[in-house]
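*Asks:* Got a structure for you, questions after.
The values are calculated or read from the model by the stated rules, or taken from the named source; none is laboratory data. Every value quoted in this text rests on a predicted model; they were computed, and no experiment measured them. Every residue, glycine as well, gets a Cβ built from its backbone with ideal geometry; the counts of neighbours run over all protein chains shown. In case anyone asks, the SASA skips ligands and DNA or RNA and just uses the protein heavy atoms, side chains included. Shrake-Rupley method; radii C 1.70, N 1.55, O 1.52, S 1.80 Å.
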Amino acid sequence: MTSSLPEWQQLHQQATIVDLHAHPVFKALLFRRSLTRLVKLPDFLAGELNPLSVQTSFPNLQAGNVDVLFSAVYPLEKRLFEDIRILGFIPLNIIRRLPFTLVKQVWNEVIAPPYFTATNTMLDSMEEQVRTYNDNRQSGEREARFARSSEELERALGEPHQPIIFVHCIEGGHSLEGPVGLRLIDRHWTELTPAEQDELTAEVLANLDALSERGVAYVVLAHFYPNKLIMPVFPYPEHLALSLIPRDKLENVWHDVSLTLGLTELGRRVVLRMIELGMFVDLSHATPTARKQVYEIVEASGTTRPVVIATHVGAYAINPSPYNLDDWEIKWISQHGGVIGVIFMTYWLMPYDAKFGLNFISRTIEHIVNVGGEDVIAIGTDFDGADPPDDIVDESRLPYLTERLFSEYRANGARKYSDEQIKKILGGNVLRLLRSGWGMA
């Protein structure tokens, strides 16, 4: 019996949809939001700064037919609370003095502790969200489950009633720092004594091993601020930076971020250990210098498995920001079996901000496919971690991307992408990556 659904909708249902990077636990933990509830707000209120808007809730994932979600944990960098201002002049760290039990609890659980402690608290919280959802899900709702290895992922994908599968991932190398890192938090790697460097190295590598054991598939080495592993690019989009951060604080960030700097010696040790553990190295947020160093380390290691990914980025040829990958990098990642996830944030995809983003997402996908081939491309929305475009504002809107890709034609009248190519873009390439690289030292 032929389905009454349009062909593109049938294709979306047949594909395995994988979001390579999103932050479901971020608002859930900070604002005590349940991912089981669907809160529909007007699109202009549904951005990152509204705690009521959860773009990666279970209802949104089910509506978007998402099969695998990489759940990114990001313990907030403590410097954020000094740099960001409320109403333009009140430091964000004023919240620690507010007389509200909930605020104090959040501060004590995920902001004040060492980063590695906060990281595990957030991982625990996301796992608890999955348990709560499963205990209360209604008839017709898919089960949710964590996969902590490629074997567990394969078993879940093969089940008749396939669950929504979550995979842990970590954003920011600072996440690996425990009590030693907290003690040394205000000093750069090069400012530490040899004894302090040895002490911190032991802590970071032990914590990396622990995260691998827990099922963390990849670590984004860089994030907003320089850490003991790596140098990031300037983190703030212009429209947010000028509204949230005083000029003097921005000057400090510009001073601290150097595009000519890359990995520290500890960063090199971490990359080599991730190769040994069968984890993926995510180069999102890293400087071009750092990215080049990682490519060189991977080549010198002799590993034959895919190691390097960039989960939520754009193309430098379209938007010449150092955040984005140059064409030679796209080719390198493709030739070495990695994947590149296109971010859904217009201010990284284009050299200006825009309310609608589907056109820019499609254009970036096309460029990466043209440069690196059909096997390197993926999607990494960064939902609940940044401000999405109004025309694809949460996971429930992912079918709109399938419709767009299905409807694009070349000048000769042929479809730009075949059904199989669209399936690769939506998730097939990430599944190939996991099957050939995750946990395979």
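*Asks:* Using the Karplus curve 6.51 cos²θ - 1.76 cosθ + 1.60 with θ = phi - 60°, what ³J(HN,Hα) values do you get for each residue of the range 294-305, in whole Hz, with x for Gly and Pro?
*Replies:* Values per residue, Gly and Pro as x: 5, 4, 5, 5, 5, 4, 5, 5, x, 5, 9, 8 Hz.
*Asks:* Take the chain, connect every pair of alpha-carbon atoms lying under 10 Å apart with a spring to form a Gaussian network, then pick out the residue of Ala195, Ala222, Ala386 with the largest mean-square fluctuation.
*Replies:* Comparing Ala195, Ala222, Ala386 in a Gaussian network model of the chain, the most mobile one is Ala195.
*Asks:* If Lys and Arg each add +1 and Asp and Glu each add -1, what is the summed charge of the other residues whose beta carbon sits under 12 Å from the beta carbon of Glu403?
*Replies:* After counting each charged neighbour, the total is -1.
*Asks:* While we're here: What are the residues whose amide H is under 5 Å from the amide H of Ile17, where those residues sit 5 or more places off or on another chain and H is modelled from the backbone?
*Replies:* HN-HN under 5 Å from Ile17: Asp67, Val68.
*Asks:* Apply the Karplus curve 6.51 cos²θ - 1.76 cosθ + 1.60, θ = phi - 60°, to the phi angles in the range 159-175 and return the couplings in whole Hz, x for Gly and Pro.
*Replies:* Running phi through 6.51 cos²θ - 1.76 cosθ + 1.60 with θ = phi - 60° gives 6, x, 10, 5, x, 7, 9, 10, 10, 6, 8, 10, 10, x, x, 4, 4 Hz.
*Asks:* Nearest 10 degrees, 0 to 90: what angle lies between the long axis of helix 398-407 and the longest principal axis of the chain (Cα atoms)?
*Replies:* That helix lies at roughly 50 degrees to the long axis.
*Asks:* Give me the distance between the Cα centres of the range 244-316 and the range 148-210, rounded to whole Å.
*Replies:* Result: 15 Å between the Cα centres.
*Asks:* Would you mind giving the average projected area, over all directions, of the Cα convex hull of the range 167-254 in nm² with one decimal?
*Replies:* Values: hull surface 27.6 nm².
So the Cα hull casts an average projection of 6.9 nm².
*Asks:* Within the chain, which is the longest segment that contains none of the chymotrypsin sites (Phe, Trp or Tyr not before Pro) sitting in a DSSP loop with at most 12 other Cβ atoms within 10 Å?
*Replies:* The reported range is 101-351.
*Asks:* To check you understand DSSP bridge types, tell me what percent of the beta bridges within the chain (both residues inside) are antiparallel, rounded to 5.
*Replies:* 15
*Asks:* Same structure again: Could you work out the helix-only [θ] at 222 nm for the chain, with each DSSP H run of four or more residues adding -39,500 (n - 2.57) and the total divided by the number of residues, to the nearest 500 deg cm²/dmol?
*Replies:* On the way: 19 runs with 182 residues, N = 441.
-12000 deg cm²/dmol, from helical runs alone.
*Asks:* Taking amide hydrogens as modeled 1.01 Å from N in the peptide plane, which residues meet the under 5 Å criterion relative to Phe383, leaving out close sequence neighbours?
*Replies:* When sequence neighbours closer than 5 places are left aside, the close amide H contacts are His23.
*Asks:* Among the trypsin sites (Lys or Arg not before Pro) within the range 370-441, which fall in a DSSP loop and have no more than 14 other Cβ atoms within 10 Å of their own Cβ?
*Replies:* Arg410
*Asks:* A further question on this structure: When Lys and Arg each count +1 and Asp and Glu each count -1, what net charge do the other residues less than 13 Å away from Phe224, Cβ to Cβ, add up to?
*Replies:* -2
*Asks:* Further, regarding this structure: Which residue, Asn120, Met231, Gly178, has the largest displacement toward the positive end of the dipole of the chain when charges sit on each Cβ (Lys, Arg +1; Asp, Glu -1)?
*Replies:* Asn120
*Asks:* OK, next. With N set to the residue count of the chain, report its C-alpha Rg divided by 2.2 N^0.38 Å to two decimal places. Present the calculation step by step, with values, prior to reporting the outcome.
*Replies:* Working: Rg = 20.8 Å, N = 441, 2.2 N^0.38 = 22.2 Å.
This ratio for the chain stands at 0.94.
*Asks:* Spelling out what I want: for every residue of the range 278-291, take phi, set θ = phi - 60°, compute 6.51 cos²θ - 1.76 cosθ + 1.60 (Karplus), and round to whole Hz; glycine and proline get x.
*Replies:* Values, residue by residue: x, 9, 9, 9, 9, 9, 4, 6, 7, 5, x, 4, 5, 4 Hz.
*Asks:* Next up: Report the number of Lys pairs in the chain whose alpha-carbons are under 26 Å apart, with separation of 8 or more residues or on distinct chains.
*Replies:* Qualifying lysine pairs in the chain: 18.
*Asks:* Then there's this: Send over a whole-number figure in Å² for the accessible area per residue of the chain, probe 1.4 Å. Walk me through the intermediate numbers first.
*Replies:* Values: 18040 Å² over 441 residues.
Accessible surface, normalised per residue, equals 41 Å².
*Asks:* Something else now. With an 8 Å Cα cut-off and a minimum separation of 6 or more residues, compute the relative contact order for the chain in percent. Before the final figure, lay out each step's value.
*Replies:* Working: 853 pairs, mean separation 85.5, N = 441.
With pairs under 8 Å counted, the relative contact order is 19 percent.
*Asks:* I need the shape label for the range 308-441. Rule: rounded when a/c is under 1.5, else prolate if a/b > b/c, else oblate, with a, b, c from the alpha carbon gyration tensor.
*Replies:* rounded
*Asks:* I would also like to ask the following. Sequence-distant or interchain residues sharing an amide H contact under 5 Å with Tyr218, placed H: which?
*Replies:* The list, which skips near neighbours in sequence, is Ile170, Phe280.
*Asks:* What percentages make up the Cα-Cα pair-distance distribution of the range 119-175 when the bins are 5 Å wide from 0?
*Replies:* Distribution as computed: 4, 17, 23, 22, 18, 10, 4, 2, 0 percent.
*Asks:* Quick check: from the Cα gyration tensor, does the range 254-310 come out rounded (a/c under 1.5), prolate or oblate? Please report the intermediate quantities before stating the final value.
*Replies:* On the way: a/c = 2.17, a/b = 1.97, b/c = 1.10.
Since a/c reaches 1.5 and a/b is larger than b/c, the shape of the range 254-310 is classed as prolate.
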